[in-house]
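Working notes, structure below.
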Amino acid sequence: MLAQFESPAAAVRAHEELFGYWAGLKQQRAQAAAGLPGRPDIHPSHFKRHLPAVSLIDVRRTGGGRDYRLRLAGTDLYGVYGQEITGKGLADVFRGEAEAYWRTELDKVVETKKPAAGVHSLSWRGAEHLSILWLRLPLASDGRRVDMILGYDALIGGAGLRAASGIRAA
């Protein structure tokens, strides 16, 4: 199964749409003094066309730190990651430097309570010519403590490709 490629411009537009949706929820919650949006605030029907590339990542607090589990992964992500990743932890999906990269990026989202976006090469999968343009948005059921992350991964061609998303931390 091959993942659907997006042009960098289309991927950036998708990021901006999802970020705008999340920022709107955050603004509504701020007006009610409720903080960050939580999973119950997210309505997939509001971004149906993006669902195949969306993920929900559980933040699990362990004795000495955190671990992450992919609660849900859209159908396009099978082709991106080369396997079904729903229900798997980071170490089950990534190895070595790729696992360390994602752990660092997800830790930043949890600690800062701010969105993050970037480009990551799929060279760890033997696909040097492919990258993902990714977005991670913090969710907190209590409005304060990040317990889930909403993700979006767009597959784009060209290793080392850098695209400015225009997304700024909220």
- Report yes if Asp58 is in contact with a helix residue (DSSP H, G or I) (Cβ under 9 Å, 6 or more places away or on another chain) and under 19 Å from Val110 (Cβ atoms), otherwise no. no
- Which is at pLDDT 90 or above and of a type in the set (A, V, I, L, M), of Ala3, Ala10, Ala53, Ala30? Ala53
- Are there any helices (runs of 4 or more DSSP H) wholly within the range 6-110 with 2 or more residues that are closer than 21 Å to Arg144 by Cβ and open to solvent by 10 Å² or more (accessible area, probe 1.4 Å), and if so which? 8-31
- In the range 111-126, which residue that is assigned to a helix (DSSP H, G or I) and closer than 25 Å to Gly157 by Cβ is least open to solvent (accessible area, probe 1.4 Å)? Ser123
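The values are calculated or read from the model by the stated rules, or taken from the named source; none is laboratory data. Since we're looking at a predicted model, the values are computed, not measured. With ideal geometry, Cβ positions are generated from the backbone for all residues, glycine too; neighbour counts draw on all protein chains shown. Please note that ligands, DNA and RNA were not included when accessible areas were found on the heavy atoms of the full protein model with its side chains. Shrake-Rupley method; radii C 1.70, N 1.55, O 1.52, S 1.80 Å.
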